[in-house]
Amino acid sequence: MRLLLVLVLVLCVAVMVGCGGKKARPPEDIDEIGEQGGAKMPGEGDEPGATDEPVTPIKPGADEIELRRIYFGYDKYNLDNDAITTLAGNAAVLMDNPSVKIRIEGHCDDRGTENYNLALGEKRALAARDYLVNFGIAQSRISVISYGEERPLDPAENEKAWAKNRRSEFDIR
Amino acid sequence: MRPSANAHVSVHAATHAAVHTGAAALALIAALAAALVFAPAAGAQTDVRLRVTAEGRSAIRIGFLEPEKEIDETVAGYHEEFLGILKDDLEMSGYFEIVKDPEKDEPHALVGTVTESRSQELSFGINLQDRVSSQSIFRRKYAGATDGIAMVAHVVADDIVYALTGRQGIANTQMAFVAGARGEASLYTVHIDGSGLSRITQTPSIVMNPSWSPDTTRIAYVSYASGDPAIYVTDLEDKTTVRFSAFQGMNAMPAWSPDGSKIALTLSKDGNPEVYVISVDGKTRKRLTRYSGIDCSPTWAPNGFELAFTTDRTGSPQIYAVDMEGLSPRRITHEGGYNTSPAWSPEGDLIAYVAGIDGGFQICTVDPFGISTSVLTEEGDNEYPNWSPDGMHIIYSSQARSKSGIYIMNRDGSGKRRIFKDLENPRSPAWSAQPRKTTLEPLQG
């Protein structure tokens, strides 16, 4: 029982440290995804209601690093300029943290067939992997998985939700 | 409960069976075909293939006669149950219309039935007759236990289909499908009449793409239960499961070959999704596609010579076919910018697929040469087309609002109806082959 209490306390501290660290970087405004020139100034995403947190959750105990999601056009798996900018940032973080291994998840919106979306999600994950490998990240540090349309961020059926769901995520292992 | 085929069914040749020759039966079939098929060309008399009409009405009218002798009250309930299932099966087959009044509605064929109790078993007597000549087409007795009435009815239905059309029926077939919330789904099997639901996978997970072995004893499918996608094969008889394919990356869309010896599938282990064929014993593996984009969703031609698949090598997903050497893939679909999920018909004459049309996704068919296409659904998002083993029906999933579920339609798109409404979000249906061949030797007696 006492052991459990200690464990809970340790976890609480860990969570608090984690939250404190995140403040340095504002959440990205998800509404801008898919639009041209959507780069936001720091602080702009802090308006009330911006509850989406696009940053990959930090693994407790791991070095605090952030890897950002990238987004894709409908039925596309090529990297657009926004995606490349984000990936370059992710690559730099991975270069600075050579012990970190990641799994890249590829996701789709739910239009089209589950089968094709599974392949499309795989290509979205692989596109991100190939960029990182070309950047100099060892392929052995990266695995990929496609979830197709199985794990939408936003289950709504509209353009905004679909844009959010067409993405690759970077899961620290 | 998954009854093994015909476990409690036995067929007894009736000692008083009318003499009946194959030639007479064929003459009847030919006569019906000539009368009913909308023959597009002269000389079609030799074509005994019957098709449902565009309105979804059945081509052959069947009337049920009153029992030849009084049904004992101890078995009257079983008799009604048997008749109900038999009529449902006959209507489902797509060949028949059950008429209300066998006297006035001028059916083509008549069915006489009698149900009796016989030492622990029930006996169902069937007399199928040509109404005009009153000649018996076949007359026999079927035995079954009181808890196996549906199975007997399915056998009788398939025998009637075979006797009147020369084709294998589907009353005894099953469907595998996925149901449950996204990420917490399970694989199920159920008889095509909706009975005998059986859960196959026990760990809720992402589950997709069931594919039956041709002998209906095993199902290959995708599961993420281990955390990564892998293809598993479950033996339905001894309830064992083996991991068939678990390469790095995607292992998806298994398709069992018509001869049962191989499984086509999609793997990304070489850097992007490609179509492979792996022998069921795992000993040989062959890559059939070579393209840096997407190649996926293989489906076998019934002769096993080719696979149709989806590829975006022209910039948008289209259906192609490739031979077993992987040489010179040929393009099949040309219209539209989104054609995926092909399913080759068991007769080989059509490929069903999903086309993106006006923001929706519709089930279509195209001949294997890519000459003529038909759009079979009109609304909503439809996917996973899959053929009945007789090639008469297409089963598919639909995400139409409030009407989501699994649907069956005739091969021309008529007669759509939703089936299996019991479980949450049923999808990814796969129709089993016919577990037994109907032969129905003409009875000599």
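Brief remarks on what is shown
- Residues that are surrounded by 20 or more Cβ atoms within 10 Å (Cβ to Cβ) number at least 3 in the following strands (runs of 3 or more DSSP E) confined to region B:185-272: B:186-191, B:207-212, B:218-223, B:230-235, B:251-256, B:262-267.
- As for region B:69-76, it holds no residue that is polar (S, T, N, Q), within 32 Å of the chain's Cα centre (by Cα) and either on the phi > 0 side of the Ramachandran plot or not assigned by TED's automatic domain parsing to the domain that holds B:Ser414 (or both).
- Filter result for B:Tyr338 (open to solvent by 10 Å² or more (accessible area, probe 1.4 Å), of a type outside the set (Gly, Ala, Ser) and either under 27 Å from B:Ala433 (Cβ atoms) or touching a strand residue (DSSP E or B) at 6+ places or on another chain (Cβ under 8 Å) (or both)): yes
- Test result for B:Gly348, open to solvent by 30 Å² or more (accessible area, probe 1.4 Å) and modelled with pLDDT of 95 or more: no
- For the residues A:Tyr74, A:Tyr116, the requirement of being hydroxyl-bearing (Ser, Thr, Tyr), in a loop (DSSP other than H, G, I, E, B) and closer than 24 Å to B:Ser268 by Cβ singles out A:Tyr74.
- Condition met for B:Thr189 (at pLDDT below 95 and in contact with a strand residue (DSSP E or B) (Cβ under 9 Å, 6 or more places away or on another chain)): no
- Checked against the criteria, A:Tyr131 counts as part of a helix (DSSP H, G or I), modelled with pLDDT of 95 or more and aromatic (Phe, Trp, Tyr).
- Looking across region A:106-136, just one residue is β-branched (Val, Ile, Thr) and either open to solvent by less than 20 Å² (accessible area, probe 1.4 Å) or closer than 17 Å to B:Pro254 by Cα (or both), and that is A:Thr113.
- Test for A:Ala83: is it of a type outside the set (D, E, K, R), without any contact (Cβ under 8 Å) to a residue 12 or more places away in the chain and more than 9 Å from chain B (Cβ to nearest Cβ): no
- A:Glu157 vs. criteria away from chain B (no Cβ under 14 Å), open to solvent by 10 Å² or more (accessible area, probe 1.4 Å) and assigned to a loop (DSSP other than H, G, I, E, B): no
- Any hit, region B:352-363, residues being over 16 Å from the mean Cα position of the chain (by Cα), within 14 Å of another protein chain (Cβ to nearest Cβ) and acidic (Asp, Glu): yes
- Per the conditions (1) buried (at least 19 other Cβ atoms within 10 Å of the Cβ); (2) among the hydrophobic types (A, V, I, L, M, F, W, C); (3) in the same structural domain as B:Asp72 (by TED's automatic domain parsing), the sole criterion not satisfied by B:Val132 is (1).
- Members of region B:93-104 that are out of contact with any helix residue (DSSP H, G or I) (no Cβ under 8 Å at 6 or more places or on another chain) and open to solvent by less than 60 Å² (accessible area, probe 1.4 Å): B:Gly94, B:Val99, B:Asp101, B:Pro102
- Among the residues making up region B:294-330, those that are surrounded by fewer than 17 Cβ atoms within 10 Å (Cβ to Cβ) and within 11 Å of chain A (Cβ to nearest Cβ) are B:Gly315, B:Ser316.
- Scanning region B:283-291 finds one or more residues that are over 28 Å from A:Ile104 (Cβ atoms) and either part of a strand (DSSP E or B) or not assigned by TED's automatic domain parsing to the domain that holds B:Ser398 (or both).
- Considering region B:250-270, the residues that are within 14 Å of chain A (Cβ to nearest Cβ) and touching a residue at least 24 places away in the same chain (Cβ under 8 Å) include one that is nearest to B:Tyr291 (Cα to Cα), namely B:Thr266.
- Residue in region B:196-203 that is away from chain A (no Cβ under 14 Å), farther than 30 Å from B:Ser279 by Cβ and of a type outside the set (D, E, K, R) present: yes
- Within region B:273-288, being crowded, with 23+ Cβ neighbours inside 10 Å and touching a Gly at 6+ places or on another chain (Cβ under 9 Å) holds for B:Pro273, B:Val275.
- Those residues of region B:419-434 which are more than 13 Å from B:Asp390 (Cβ to Cβ) and either of a type in the set (Ser, Thr, Tyr) or within 11 Å of the chain's Cα centre (by Cα) (or both), in sequence order: B:Ser428, B:Pro429, B:Ala430
- Residue in region B:164-175 that is within 20 Å of B:Asp88 (Cβ to Cβ), in contact (Cβ under 8 Å) with a residue 12 or more places away in the chain and in contact with a Leu (Cβ under 6 Å, 6 or more places away or on another chain) present: yes
- Total residues in region B:375-405, condition away from every other protein chain (no Cβ under 14 Å) and in contact with a strand residue (DSSP E or B) (Cβ under 8 Å, 6 or more places away or on another chain): 13
- Selection count, region B:292-326, where residues are more than 16 Å from B:Ala264 (Cβ to Cβ) and either of a type in the set (D, E, K, R) or in a loop (DSSP other than H, G, I, E, B) (or both): 8
- Selection status of B:Glu378, open to solvent by 20 Å² or more (accessible area, probe 1.4 Å) and at pLDDT 90 or above: yes
- Enumeration of residues in region B:327-347 that are assigned to a loop (DSSP other than H, G, I, E, B) and closer than 18 Å to B:Gly360 by Cβ: B:Thr333, B:Glu335, B:Gly336, B:Gly337, B:Tyr338
The values are calculated or read from the model by the stated rules, or taken from the named source; none is laboratory data. Bear in mind the structure is a predicted one, so any value in this text is a computation, not a measurement. Positions of Cβ are backbone-derived with ideal geometry, glycine not excepted, and every protein chain shown enters the neighbour counts. Ligands, DNA and RNA are stripped out before the accessible areas are found, and what is left, the full protein with its side chains, is counted by its heavy atoms. Shrake-Rupley method; radii C 1.70, N 1.55, O 1.52, S 1.80 Å.
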